[in-house]
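The structure under discussion appears below in the form of C-alpha cells.
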Amino acid sequence: MTESPRPLAAPFDRARIVAAARRWIGTPYVHQASLEGVGCDCLGLVRGLWREFYGAEPEAVEAYGPDWAEASRAERLIDAGRRHLVAVPLAAILPGDVLLFRWRPDLPAKHAGILGAPDRFVHAYDGAAVVESPLGPWWRRRLAAAFAFPGLAPGDTGAPASE
C-alpha cells in the first residue's frame, strides 16, 4: 500500500471539504468533466476536490460511457476508493465523506457524492447540475460504500469548532 498523500491545503478538515463541495453547487452536469463552475459529473466532483486538497490526481481516469457500470460489471469506483481513500463503515459516515451508490443491487456502484450533513449530500445530478439533496431512505438503500479523504485528523467529526 502506498503512503497517504499529504494535503496541500491547511487546515485540512471535514468542514473544509463540505464547504469546498458546496462551492460546486450549480456547476452544470457534464459527463466526464471536472471543473468547478464549468461542468462535472459525480466522479468529476470528487476529482475536483482531490485536486484542491492534494494537487495532481492519483491516477488517470479512463474515458467512460454512461453505461460503463452495466457493461463492465466491475466495481471500478469502490476499487479506486480502496486505492486512494480510507474505507468508512456505512454506519459511521461523517460530513466530508465520499459516498458511493448502486442504482440496483446487482450492479456495481456508479454514483458518488460528498456527505454535507448527516442527512444531506452534494452530488452532480445527471441532466442538471451539482446539487445538495436529502440523504433519505431511497438514497440510503442504495449506499454501497463510503470513504474518507486521507489525512483527516483523528476525531474530526465535521462539526464546527466551538468558540
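The table below lists the values:
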item	result
Residues being in contact (Cβ under 8 Å) with a residue 60 or more places away in the chain and surrounded by fewer than 20 Cβ atoms within 10 Å (Cβ to Cβ) - total across segment 85-94	4
Of all residues in segment 92-110 being touching a strand residue (DSSP E or B) at 6+ places or on another chain (Cβ under 8 Å) and basic (Lys, Arg), the one that is farthest from residue 75 (Cα to Cα)	102
Single match in 95, 108 (criterion: part of a loop (DSSP other than H, G, I, E, B), under 12 Å from the mean Cα position of the chain (by Cα) and on the phi < 0 side of the Ramachandran plot)	95
Single match in 97, 119 (criterion: crowded, with 21+ Cβ neighbours inside 10 Å, acidic (Asp, Glu) and modelled with pLDDT of 95 or more)	97
Test: residue 71 is surrounded by fewer than 20 Cβ atoms within 10 Å (Cβ to Cβ), assigned to a loop (DSSP other than H, G, I, E, B) and modelled with pLDDT under 95	no
Verdict on residue 53 being aromatic (Phe, Trp, Tyr), out of contact with any strand residue (DSSP E or B) (no Cβ under 8 Å at 6 or more places or on another chain) and surrounded by 13 or more Cβ atoms within 10 Å (Cβ to Cβ)	yes
Looking only at segment 127-148, and only at residues there that are modelled with pLDDT of 95 or more and not in a strand (DSSP E or B), the one that is surrounded by the most Cβ atoms within 10 Å (Cβ to Cβ)	135
Tally of residues being touching a residue at least 24 places away in the same chain (Cβ under 8 Å) and assigned to a loop (DSSP other than H, G, I, E, B) across segment 6-57	14
Residue 77 surrounded by 12 or more Cβ atoms within 10 Å (Cβ to Cβ), in contact with a Leu (Cβ under 8 Å, 6 or more places away or on another chain) and more than 19 Å from residue 30 (Cα to Cα)	no
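Condition check ((1) touching a helix residue (DSSP H, G or I) at 6+ places or on another chain (Cβ under 8 Å); (2) modelled with pLDDT under 95) across all residues:
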| position | (1), (2) |
| --- | --- |
| 9 | yes, yes |
| 17 | yes, no |
| 53 | yes, yes |
| 82 | no, no |
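The values are calculated or read from the model by the stated rules, or taken from the named source; none is laboratory data. Given the structure is predicted, the values throughout are model-derived calculations rather than measurements. Every residue, glycine as well, gets a Cβ built from its backbone with ideal geometry; the counts of neighbours run over all protein chains shown.
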